[in-house]
There are 2 protein chains.
Amino acid sequence: MKQVLFQHGTLALLVPGLLTGTLTIKELLQHGDTGIGTGEGLDGELVILQGQVYQVQSTGHIRQVPGDFTVPFANIHHADYHPLAQLSDLTQAQLYQQLNDRIKAPNTFYSVKITGTFAKMHTRAASKSTPPYATLLATAQNQQEFTAENVSGTLLSYYSPKLFHGAAVAGYHSHFLAEDLTIGGHVLDFALTSGQVQVQVFDTLEQHLPIENQEFMQHDFTKDNINSDISQSE
Amino acid sequence: MKQVLFQHGTLALLVPGLLTGTLTIKELLQHGDTGIGTGEGLDGELVILQGQVYQVQSTGHIRQVPGDFTVPFANIHHADYHPLAQLSDLTQAQLYQQLNDRIKAPNTFYSVKITGTFAKMHTRAASKSTPPYATLLATAQNQQEFTAENVSGTLLSYYSPKLFHGAAVAGYHSHFLAEDLTIGGHVLDFALTSGQVQVQVFDTLEQHLPIENQEFMQHDFTKDNINSDISQSE
């Protein structure tokens, strides 16, 4: 069976501040039930689980968004995970190393879903800006950070090969949602107490671009520091 | 309507010589009727028009290939072109500049199809190698080149944004097929006498990767000079 990761927009377009929402959640959900993303103007961090779209706002508040909410960037896929392992007592770096060693698929896209308890969870949520939009680096400086200890929830991660850095973030790009919705967002750091780790390897990246958006279509990306700014911000 | 460019494999995987055919022509044709590619071991240059797959072999001979012929890399799409212009008396550089100026879509993928007469056509066809495969640069040194004057035919070109250099060739990647099948291949240079130029802009790149191929999955691409070798070879 074809395993497809759908991506709307690229991380590169966020770098110069092309933050207009160019796809609705209703349209996005036609491509899957599990995913991550951000709202127009970098309006928080999205975590999509079982077709429910949760937005972690920069206030820390977590809500479900309506179908007409729009996104400049998102990843989504139809969940079809396979169990990988039950893992315990690992830092973020140790966990990502374990995933590399066990999954052994550095040259393709895959998703990892971990449901469990985290001794530490450190996240951020971007703060919505309005036009004219600032760059990703400038907007990232307005992000709010959150921490929690001994929190249960779901860590949803996408791995992208180095060849696609710029379109996506090379390596792991993870969002988190607490079971009790007390904390969530783009993951900066964590320590796993114990969790069930599942993996889904994709053979296809369906890269969708906002070609109706003239700002995107006419932007001169050659002047942006795409690779370094993404590495610094994400 | 969604406009999809399907790509099997990446140009990056050709660089270290991952030349195994990982998709059949029969499978490829499920994704379109118009395209370009190469055979296993860099076995010539493919031009796909109206669902017919022509192979320009390194001998210069042009034939149609069977459905079980396999490819390590190919682009294909369902033709849905729109007329752009009737253009005359242009060098390759002048034509590509005209396309840039008229299409104005540097940040997405598109295809250009030109049917007409060419005052000059200079092509190459890669020569099939066998395992263990050499690198793209080494194999490219075994290519055969062909020239013709005042030849009628179809120039099929794909434009890729710079962000995707490595997955594809940034800029224009063109193959040619003469109407009388006397010359074809990967285009090195040409001069257009007069041609009908059509364009099809894509909003989606469907990037398919050969995840069943263990050589590809386990290859360490960090040691390859992906960007410079592609620019030199293509």
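Data table
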| read-out | value |
| --- | --- |
| Residue under evaluation A:VAL151, criteria (1) more than 18 Å from A:PHE73 (Cα to Cα); (2) open to solvent by 40 Å² or more (accessible area, probe 1.4 Å), criterion not met | (2) |
| Number of the exception - A:ASP43 against (1) under 22 Å from B:LYS2 (Cβ atoms); (2) open to solvent by 10 Å² or more (accessible area, probe 1.4 Å) | (1) |
| Scan of region B:46-72 for residues that are more than 18 Å from B:GLY153 (Cβ to Cβ), open to solvent by 10 Å² or more (accessible area, probe 1.4 Å) and of a type in the set (A, V, I, L, M, F, W, C), ordered by number | B:VAL65, B:PHE69 |
| In region A:25-40, the residues that are part of a loop (DSSP other than H, G, I, E, B) and open to solvent by 10 Å² or more (accessible area, probe 1.4 Å) | A:ASP33, A:GLU40 |
| Some residue of region A:90-108 being of a type in the set (D, E, K, R) and within 15 Å of the chain's Cα centre (by Cα) | no |
| Single residue of region B:208-222 satisfying the filter (outside any loop (DSSP other than H, G, I, E, B) and in contact (Cβ under 8 Å) with a residue 24 or more places away in the chain) that is surrounded by the most Cβ atoms within 10 Å (Cβ to Cβ) | B:HIS208 |
| Meets criteria (surrounded by 19 or more Cβ atoms within 10 Å (Cβ to Cβ), more than 14 Å from chain B (Cβ to nearest Cβ) and not hydrophobic (A, V, I, L, M, F, W, C)) for A:TYR110 | no |
| Within region A:89-107, tally of residues that are more than 16 Å from A:LEU156 (Cα to Cα), within 12 Å of chain B (Cβ to nearest Cβ) and open to solvent by less than 60 Å² (accessible area, probe 1.4 Å) | 3 |
| Only one of B:LEU18, B:LEU11 that is within 11 Å of another protein chain (Cβ to nearest Cβ), open to solvent by less than 10 Å² (accessible area, probe 1.4 Å) and at negative phi | B:LEU11 |
| Test: residue in region B:67-81 that is within 18 Å of B:GLU45 (Cβ to Cβ) and either among the small types (Gly, Ala, Ser) or over 19 Å from the mean Cα position of the chain (by Cα) (or both) | yes |
| Matching option when the condition is surrounded by fewer than 19 Cβ atoms within 10 Å (Cβ to Cβ) and in a strand (DSSP E or B), among B:THR123, B:THR115, B:THR130 | B:THR115 |
| Unmet criterion (only one of (1) part of a strand (DSSP E or B); (2) facing chain B (nearest Cβ under 8 Å); (3) open to solvent by 20 Å² or more (accessible area, probe 1.4 Å)) for A:LEU205 | (3) |
| Boolean, B:ASN142 is touching a His at 6+ places or on another chain (Cβ under 8 Å) and at pLDDT below 95 | no |
| Residue check for A:ALA138: open to solvent by less than 50 Å² (accessible area, probe 1.4 Å), more than 14 Å from chain B (Cβ to nearest Cβ) and within 16 Å of the chain's Cα centre (by Cα) | no |
| Candidate set from region A:161-189 (those that are within 12 Å of chain B (Cβ to nearest Cβ), in a loop (DSSP other than H, G, I, E, B) and of a type in the set (A, V, I, L, M, F, W, C)); member that is most open to solvent (accessible area, probe 1.4 Å) | A:ALA170 |
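The values are calculated or read from the model by the stated rules, or taken from the named source; none is laboratory data. Keep in mind that this is a model prediction, so the values were computed, not measured. Note: ideal-geometry Cβ built from the backbone for every residue, glycine included; neighbour counts use all protein chains shown. With ligands, DNA and RNA removed, areas are computed over all heavy atoms of the protein, side chains included. Shrake-Rupley method; radii C 1.70, N 1.55, O 1.52, S 1.80 Å.
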